[in-house]
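Notes follow once the structure below has been shown.
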Ligand code: BES
Ligand code: ZN
Ligand code: ZN
């Protein structure tokens with residue numbers, strides 16, 4: 001775990017292996033002997049540009065890393081998160097262990113400080129824990145390359161700087177940043193686990209262990225209980241695998257509930273998606289271990305929620321199955337009865353996410369949730385619509401949509417609203433049952449969301465399709481290749497900012 005401390009030292013006094021200093025476009029950095037580099041244009045301050053200076057004059061640190069952060073007018077916590085992330089990834093490739101980040105009155109507000117800490121923690125994550133020599137402990141204990149992060153550069157004890165900061169508020173911001181960064185990495189660790197190691201039962205174990213560490217209640221419903229509850233849609237998907245299904249329920253209750261609302265977080269937990277009898281092509285199928293990224297985002301969010309203690313109750317529901325084409329597998333044409341009573345014709349067994357989510361949404365409503373958000377790697381089509389940059393967002397309620405969009409904006413997670421008009425329901429018509437589980441060739445992300453809407457019923461609900469954003473095929477300067485952990489920060493912010 002990264003040690004993070006705030007020190008009231010000047011930049012000159014900090015002794016680190018490397019001191020990260022943001023530089024801005026059009027702003028000349030005269031310190032650290034950088035003036036010439038700025039004048040020659042080598043250091044331009046462009047977003048994520050990195051320049052490492054060795055033994056810079058006038059400072060106790062052995063190196064200064066100038067971290068380009070773009071134009072000061074466009075600077076934001078999201079930009080700082082990326083900039084620090086890129087700096088950390090660069091430094092760890094040089095075996096640097098102790099880093100410092102130069103705070104500045106211009107960006108010492110809690111949002112910036114949290115973002116800097118998050119950027120460092122997120123930049124430290126690598127998906128290579130199964131390479132020989134790397135630690136293979138529990139998923140949430142990946143080896144941090146960076147041992148120490150010090151935030152310094154001004155006298156934090158005086159509440160006199162331009163932002164009016166006090167040390168207490170800065171400490172709180174560091175703590176929030178750490179909680180969020182670690183929760184997102186926890187999610188990434190789970191998503192990264194291969195499906196032979198992370199079955200539905202193992203995912204439930206990981207949730208249970210996390211819950212006991214952070215004082216959350218955790219129940220795991222087994223097949224027999226699902227049968228009793230009539231979860232025919234979920235059970236239909238599960239029946240093709242030798243691995244039994246699990247419905248993970250994680251509960252957070254505030255000491256004193258100040259809210260009439262009860263937030264339900266529902267996440268798709270398909271530990272592997274072969275497609276079932278409607279089997280997927282083998283090309284790229286190995287990536288389908290990330291089909292539980294929505295569920296993992298909810299577990300990660302609950303880990304942070306348990307520590308940040310919002311004022312409303314939050315319960316997460318993660319239906320976990322392995323979608324396999326075993327001899328007992330459901331077939332195209334099968335008709336299942338969902339817990340809500342609706343009948344579904346399974347046209348395509350590869351549209352399994354919506355089937356398990358249907359029952360989880362119904363269960364969440366019956367458990368008293370007044371507001372729902374689900375996250376799921378639901379459709380390839382959302383990537384066709386939005387590329388890898390934006391989460392597809394659907395809502396049956398404008399107020400709920402705005403809450404989630406606002407939380408996403410505050411956390412620098414990009415989400416884009418897509419339509420959910422009743423006319424799309426025609427796409428899901430079946431001659432034999434109430435609903436078919438797939439629409440036609442077009443508007444795949446919308447018809448999938450439309451299907452879920454039937455089960456959210458009249459509860460204000462948002463659906464996040466993260467199939468295009470939960471996995472990075474290539475690493476970014478600030479984030480390793482593999483699981484992105486998208487959604488975690490937005491969901492936590494939604495809960496902690498909640499007002500009735
Ligand atoms: N898990 C997939 C969606 C997916 C695809 C996630 C690619 C990440 C990357 C989902 O279960 C699925 O297979 N959806 C089908 C739906 C279709 C059969 C209507 C799809 O998107 O092709
Ligand atoms: Zn599928
Ligand atoms: Zn799937």
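Read the figures in this text as sums done on the coordinates, not as results from a lab. Remember, predicted model here, so these are calculated numbers, not experimental data. Note: ideal-geometry Cβ built from the backbone for every residue, glycine included; neighbour counts use all protein chains shown.
Assorted remarks:
- Kirkwood Rh in Å, taken over the stretch 392-500 so that all alpha-carbon pairs contribute: 15.4 Å
- Relative contact order, whole percent, for the stretch 3-183 stands at 28, derived from Cα pairs under 8 Å and 6 or more residues apart.
- Dimensionless Rg/Rh of the chain - Kirkwood Rh, Rg from C-alpha atoms: 1.01
- Value in Å of the Kirkwood radius, where the stretch 247-292 supplies the Cα pairs that are averaged: 13.9 Å
- Residues within the reach of a label modelled at residue 62 (point 7 angstrom out along Cα to beta-carbon, backbone nitrogen below 11 Å), restricted to the stretch 1-22, are 16-18.
- Chain lengthening between residue 71 and residue 128 when straightened (0.36 nm per residue, less Cα-Cα): 17.1 nm
- Gain on full stretching of the segment that runs from residue 422 to residue 499 - 0.36 nm per residue minus C-alpha separation: 24.8 nm
- Scattering from the stretch 60-123 was approximated by placing one identical point on each alpha carbon and applying the Debye formula without solvent; log10 I(q)/I(0) at 0.14, 0.15, 0.18 1/Å stands at -0.38, -0.44, -0.63.
- Over the stretch 441-486, the pair-distance histogram of Cα-Cα distances with 5 Å bins from zero comes to 5, 17, 20, 13, 14, 14, 9, 5, 1 percent, rounded to whole numbers.
- Spin-label model, residue 409/residue 27: points 7 Å from Cα along the beta carbon direction are separated by 2.4 nm.
- Zone residues, the stretch 398-429, relative to residue 370, backbone N less than 19 Å from point 7 Å out along Cα-to-Cβ: 398-404
- As a length-normalised measure over Cα pairs under 8 Å and 6 or more apart, the relative contact order of the chain settles at 15 percent.
- Relative counts (whole %) of C-alpha pair distances in the stretch 269-389, using bins that are 5 Å wide: 2, 10, 17, 20, 20, 15, 10, 4, 2, 0
- Förster-model FRET efficiency, 41 Å R0, residue 457 and residue 311, C-beta, rounded to 0.05: 0.95
- For the stretch 3-183, the spread of Cα positions along each principal axis, largest first, Å: 46, 37, 30
- Value of relative contact order over the stretch 1-98, rounded to a whole percent, pairs C-alpha under 8 Å and six or more apart: 32 percent
- For the pair residue 55 and residue 430 in one chain, pulling the backbone fully straight at 0.36 nm per residue adds 127.9 nm over the alpha carbon distance.
- Computed over the Cα atoms of the stretch 399-441, pair by distinct pair, the Kirkwood hydrodynamic radius stands at 13.0 angstrom.
- In this rough spin-label picture, where each label sits 7 Å from Cα along the Cβ direction, the residue 40-residue 242 distance is 6.4 nm.
- Using the Cβ-Cβ distance between residue 201 and residue 473 with R0 set to 30 Å, the FRET efficiency from 1/(1 + (r/R0)^6) comes to roughly 0.55.
- Kirkwood hydrodynamic radius (C-alpha pairs) into Stokes-Einstein, the stretch 461-500, 20 °C and 1.002 mPa s, D in µm²/s: 181 µm²/s
- Cα-based helix-to-principal-axis angle, 167-192 vs the chain, degrees rounded to 10: 50 degrees
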